[in-house]
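Enquirer: Have a look at this one.
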Amino acid sequence: MAQFIREKLVVDGVETVLYTAGKGDPVVVLHGAGTVDGFDFAEPWTEKFRVIVPYHPGWGESADEPLFTESHDYVMHYLELFDQLGLERFNIVGLSFGAYLAAKFASEHAHRLKKLVLIAPYGMAVEGHPMADILALPAETLIPMLVSNFEVLKRRLPEKPDLDFIAARYREATTFARLMWEHPLDSRLPRYLHRVKTPTLVVWGEEDKIIPVQHAEVWKKALPNSELRVFKGAGHLVQLEKPEAVQMIADFLA
């Protein structure tokens, strides 16, 4: 497997860090509302694809951009980034909040996409099955909720979080809050998802405690050319808990 290489680009004045590896059809991976889970799960994809993992502005190693106050700012940011990278047609794999951004991008720019993968996408309202209020939950409660088997995530976390780790989590939570505090649900998005004719795979963990699995069918029905796969024994970070999900995504993209 190819080793990821760090790159730094300036996109409309915003320093944006991305990691790339592999050759072949491009696969862009958009991370979720936190980055503690990492992106090494995507390493097997580098054998067949050029994998591109950018950090959203305000997350990870990318710079802050306080002028980004709504999710559409990120859609435009990525439109600029993809142009800068020379990506004419490509695949996107989105995780949670990143899947929400991917869906919004696809509703406006589906002609740029070959295939789309949405892993437990954020943002829909499903009656009787509310999403967890991740901004209201303390970290010690939220983090174990991300997985069915906490050991999978525990080994990615420091035994004693230092100030840098705590500050990074606070920064990402603050950025997310700036975007979603007042409007945590996107009531407009379902209206436009019918425009996404792109072949789409929706992936969910059956034991998701962040976004209940009942949301999965709602997303599938909203996307006209989609299929759904639900994995037992997996939570919100299904890509970490189920290697077979990672392989299924690779097969779908191929």
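Enquirer: Extension gain Leu185-Thr35, at 0.36 nm per residue separation less the Cα-Cα distance, in nm? Mind dumping the intermediate values first?
Expert: Values: separation 150, 0.36 × 150 = 54.00 nm, distance 2.12 nm.
Here the answer is 51.9 nm.
Enquirer: State, to one decimal in nm, how far the label point of Phe150 lies from the label point of Glu43, with both points 7 Å from Cα in the Cβ direction.
Expert: 2.6
Enquirer: Within a Cβ distance under 15 Å of Ala132, other residues only, what is the Lys/Arg minus Asp/Glu net charge?
Expert: Cβ neighbours under 15 Å give a net charge of -3.
Enquirer: Right, something else. Report, to two decimal places, the Cα Rg of the stretch 79-185 normalised by 2.2 N^0.38 Å (N = number of residues).
Expert: Expressed relative to 2.2 N^0.38 Å, the Cα Rg reads 1.27.
Enquirer: List the relative contact order of the chain as a percent without decimals, with contacts defined as Cα pairs under 8 Å and 6+ residues apart. Mind dumping the intermediate values first?
Expert: Numbers: 477 pairs, mean separation 48.6, N = 254.
That works out to 19 percent.
Enquirer: Just in the stretch 143-202: which chymotrypsin sites (Phe, Trp or Tyr not before Pro) are loop by DSSP and have at most 10 other Cβ atoms within 10 Å? Mind dumping the intermediate values first?
Expert: Working: sites: Phe150, Phe165, Tyr170, Phe176, Trp181, Tyr192; in loops: Trp181.
Answer in residue order: Trp181.
Enquirer: Nearest 20 debye, what's the magnitude of the dipole of the stretch 5-253 about its Cα centre given +1 on Lys and Arg Cβ and -1 on Asp and Glu Cβ?
Expert: 720
Enquirer: Cut-off 12 Å, label point 7 angstrom out along Cα-to-Cβ of Ala173: give me the residues of the stretch 132-148 whose amide nitrogen falls inside.
Expert: Only 134-143 pass the distance filter.
Enquirer: Sticking with this one: Nearest 20 debye, what's the magnitude of the dipole of the stretch 107-254 about its Cα centre given +1 on Lys and Arg Cβ and -1 on Asp and Glu Cβ?
Expert: I would put it at about 600 debye.
Enquirer: Within a 10 angstrom radius of the beta carbon, how do Ser148, Ser71, Ser96 rank from fewest other beta carbons to most?
Expert: Working: Ser148 22, Ser71 18, Ser96 27.
Lowest count first: Ser71, Ser148, Ser96.
Enquirer: If I stretch the segment between Lys114 and Glu217 completely, what's the gain in nm (0.36 nm per residue apart, minus their alpha carbon distance), one decimal? Mind showing how you got there, number by number?
Expert: Working: separation 103, 0.36 × 103 = 37.08 nm, distance 2.24 nm.
Length gained between Lys114 and Glu217: 34.8 nm.
Enquirer: Just the number, please: Stokes-Einstein D of the chain in µm²/s, Kirkwood Rh from C-alpha pairs, 10 °C, 1.306 mPa s.
Expert: Estimated diffusion coefficient is 87 µm²/s.
Enquirer: Another question, if that's okay. Given R₀ = 45 Å, what would the calculated FRET efficiency be for Leu163 paired with Gln3, taking r from the Cβ atoms and rounding to 0.05? Before the final figure, lay out each step's value.
Expert: Numbers: r = 30 Å, r/R0 = 0.66.
Once rounded, the FRET efficiency stands at 0.95.
Enquirer: Next question, about the same structure. If we restrict to alpha carbons, what Rg and Dmax does the stretch 19-154 come to, in Å?
Expert: That works out to 15.5, 44 Å for Rg and Dmax.
Enquirer: For His72 paired with Val230, estimate the spin-label separation in nm (one decimal), with each label point 7 Å from Cα along the Cα-to-Cβ line.
Expert: 3.4
Taken together, the values in this text are just the output of simple stated rules run on the coordinates, not laboratory data. On a predicted model such as this, the values are computed, not experimentally measured, just so you know. Cβ: placed from backbone, ideal geometry, glycine included. Neighbour counts: every protein chain shown.
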